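Chemist: Got a structure here, written out as structure tokens. Questions coming.
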Amino acid sequence: MIRDAELRARAEVVIPGGMWGHMNAQALPPSYPQFFKQASGVLIKDVDGNEYIDFICGFGPMILGYNDAEVEVAFESQRARLDATNGPAEVMVELAELLVETIPAADWAMFSKNGTDATTACVTIARAQTKCRKILVAKGAYHGAAPWCTPRPDGTTAEDRAHLISYTFNDVASLAAVCAQVGDDLAGILVSAFRHDARHDQEMPTLEFANAARALADQNNAALILDDVRAGFRINIGGSWEPLGVRPDLSAWSKALGNGHAIAAVTGNNRFRDAAQRVFVTGSFWCGAASMAAALATVQKLKRIDAISQMVRLGDMLRTGLQAQANEIGIGLRQTGPVQLPIMLFDDDADFAKGNLFTTTALRHGVYLHPWHNMFLSAAHTEDHIATALIATKHGLEAVSQQFSQKS
Ligand code: PMP
């Protein structure tokens, strides 16, 4: 990886630490590239020309395949006419209409750029509506990188999160207890679509928990806020808690919404319409019409091709095939959460040594997995991609078996 090493060295000089945030490849085993030069369909190519079948999908934004023709034509034709200017284009209204039609909990939509914009706006709207301060968040849940929610509080003040109180996901008693503790100052209960914390087994919300969150928000006149940034459009086209029959007051969306183009949305119901209108949330690029055209094309296509069913079918194939391999080789492997947002964690692997060996071996065989973060299927993955992935995972499991049975 000569070119990658060169770029890392140059980056080190002009970019603090060479890279920041969740895409910093220093968090991954050394054989993972930092820099890429091409992406098409489900294939990504690093700057040294190595090609991989991607199971990270840009950490979620890619859902129809990189450079999807339909989305790119929509994006390009809007961009050629008008993108970011003094006000939004017609497409903003069309996109809001499509989201309101698609998402049963939504009576309105507003747009921004990143997931953090959307979660932050949800919290702001909840506080503006309720005139209360406290926001309940699940311990360990990720909602973005703003001072109020960043998982690494270096550089923030205690006051930034003074009104954040944590509960345990799926634990009704803990949620009820913190609700009681905040009394009449509850602005909102923030929930993830499911428990998708890095380095942990994933957990779907129980119906009991979802119902309790809804009921506690109602009893306290507070907002139930669904952070659907990561899982949105992959579990259910109408919102990730639709299968549970529990509708949030406010939802945050981003990632898959524009198939890789920079767009986020807040959707909400009529109870929060006035507050959404009052709060001042904005950004120079939030009305970018080209990204909105991309989002319009993305959501239309996701619906038309029933993308979720495809992702579920292929995700299931990957999970079943991998589990059969692990069973045959005799390795304790845990695959949890929705098959279309898989995570693969090894038993007795606190330092992720097995996970690192597994994923670096797969990487050598042209399959880009993640050792400790949930992954993403897309509608562009095919049975052939899964078959190739399963060859790579077999090599990965064999490497783990060899190395770790020798040690024990
Ligand atoms: N919420 C969740 C659940 C996320 O997964 C993310 C991004 N990983 C965010 C919020 C923040 O989104 P962004 O990085 O686009 O600001």
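The values are calculated or read from the model by the stated rules, or taken from the named source; none is laboratory data. This one's a predicted model, so the numbers in the text were calculated from it and none came from an experiment. Positions of Cβ are generated from backbone atoms using ideal geometry, with glycine treated the same way; all protein chains shown enter the neighbour counts. In case anyone asks, the SASA skips ligands and DNA or RNA and just uses the protein heavy atoms, side chains included. Shrake-Rupley method; radii C 1.70, N 1.55, O 1.52, S 1.80 Å.
Chemist: Where in segment 3-107 are there chymotrypsin sites (Phe, Trp or Tyr not before Pro) that are in a DSSP coil and have at most 11 other Cβ atoms within 10 angstrom of their Cβ?
Modeler: 20
Chemist: Scan the chain and report its longest stretch carrying no trypsin sites (Lys or Arg not before Pro) that are both in a DSSP loop and have at most 16 other Cβ atoms within 10 Å.
Modeler: Counting at most 16 other Cβ atoms within 10 Å as exposed, the longest clean stretch of the chain is 200-408.
Chemist: Turning to a different aspect of this structure: So which of 113/255; 255/301; 37/354 end up more than 19 Å apart, counting from Cα to Cα?
Modeler: The pairs that break the limit, which is 19 Å between Cα atoms, are 37/354.
Chemist: Based on the alpha-carbon gyration tensor of segment 277-316, what equivalent-ellipsoid semi-axes (square roots of 5 times the eigenvalues) come out, in whole Å, largest first?
Modeler: The equivalent ellipsoid of segment 277-316 has semi-axes of 31, 13, 9 Å.
Chemist: Aspartates and glutamates near residue 134 by alpha-carbon distance under 14 Å, same-chain residues fewer than 8 away left out - which ones?
Modeler: Those aspartates and glutamates meeting the cut-off are 159, 160, 184, 185.
Chemist: Cα-Cα pairs above 16 Å in segment 315-408: how many percent?
Modeler: Numbers: 2174 of 4371 pairs.
Summing the P(r) tail past 16 Å for segment 315-408 gives 50 percent.
Chemist: If the only charges are +1 at each Lys and Arg Cβ and -1 at each Asp and Glu Cβ, what is the size of the charge dipole of the chain around the Cα centre, to the nearest 20 debye?
Modeler: It comes to approximately 400 debye.
Chemist: Let me ask something else. Based solely on C-alpha atoms, express the radius of gyration and the Dmax of segment 195-255 in angstrom.
Modeler: 11.8, 34
Chemist: Moving on. Can you give the accessible area per residue of the chain, in Å², using a 1.4 Å probe?
Modeler: 43
Chemist: If every alpha-carbon in segment 86-175 counts as one equal scatterer, what log10 I(q)/I(0) does Debye give at q = 0.23 1/Å?
Modeler: -1.22
Chemist: Per q in 0.16, 0.20 1/Å, what log10 I(q)/I(0) does a Debye calculation on the alpha-carbon atoms of segment 254-387 return?
Modeler: -0.93, -1.17
Chemist: Among DSSP beta bridges whose residues both lie in the chain, state the antiparallel percentage, nearest 5.
Modeler: 55
Chemist: Let me ask something additional. So which aspartates and glutamates can residue 139 reach, going by Cα to Cα under 16 Å and dropping same-chain residues fewer than 8 places off?
Modeler: 171, 197, 201, 203, 227
Chemist: Also, quick follow-up: Where does the charge balance sit around residue 103 when Lys and Arg score +1, Asp and Glu -1, over other residues with C-beta under 10 Å from its C-beta?
Modeler: On the way: positive: 247; negative: 101, 107, 228, 242.
Taking every Cβ under 10 Å from that of residue 103, the sum is -3.
Chemist: If you don't mind, another one. Tally the DSSP beta bridges in segment 155-264 and give the antiparallel ones as a percent, rounded to 5.
Modeler: About 10 percent, rounded to the nearest 5.
Chemist: Right, next: Can you list the aspartates and glutamates whose alpha carbon is less than 17 Å from that of residue 303, not counting same-chain residues fewer than 8 positions off?
Modeler: Answer for residue 303, where 17 Å is the Cα cut-off: 68, 70, 94, 97, 101, 242, listed by chain and number.
Chemist: First measure r as the distance between the Cβ atoms of residue 403 and residue 350, then evaluate 1/(1 + (r/R0)^6) with R0 = 25 Å and state the FRET efficiency to the nearest 0.05.
Modeler: So, using R0 = 25 Å, E works out to roughly 0.95.
Chemist: Another question, then. Go from 0 up to the bin containing the longest alpha carbon distance in the chain, width 20 Å each, and give me the % of pairs per bin.
Modeler: Per 20 Å bin, starting at zero, the Cα-Cα P(r) for the chain comes out as 26, 57, 16, 0 percent.
Chemist: Could you tell me which of 259, 248, 219 has its Cα farthest along the dipole of segment 208-295 towards the positive end, charges placed at Cβ (Lys, Arg +1; Asp, Glu -1), taken about the Cα centre?
Modeler: Of the options given, the answer is 259.
Chemist: Where nothing but the Cβ of Lys and Arg (+1) and of Asp and Glu (-1) is charged, how large is the charge dipole of segment 1-49 around its Cα centre, in debye to the nearest 20?
Modeler: In total the dipole reaches around 100 debye.
Chemist: Considering the options 302, 389, 368, tell which one lies farthest towards the positive end of the dipole of segment 254-408, charges being +1 on Lys and Arg and -1 on Asp and Glu at the Cβ, about the Cα centre.
Modeler: 302
Chemist: Against the empirical 2.2 N^0.38 Å scaling, what ratio does the C-alpha Rg of segment 17-80 come to?
Modeler: Output field value: 1.29.
Chemist: Just add up the charged neighbours of residue 60: K/R +1, D/E -1, any other residue whose Cβ is under 13 Å from the Cβ of residue 60.
Modeler: Combined, the nearby Lys, Arg, Asp and Glu give 0.
Chemist: Can you compute the charge dipole magnitude of segment 156-242 about its Cα centre, using +1 on each Lys and Arg Cβ and -1 on each Asp and Glu Cβ, nothing else charged? Give it in debye, rounded to the nearest 20.
Modeler: Using Cβ point charges on Lys, Arg, Asp and Glu, segment 156-242 gives about 220 debye.
Chemist: A follow-up question, please. Report the Rg/Rh value for segment 2-125, based on alpha-carbon coordinates and the Kirkwood definition of Rh.
Modeler: 1.04
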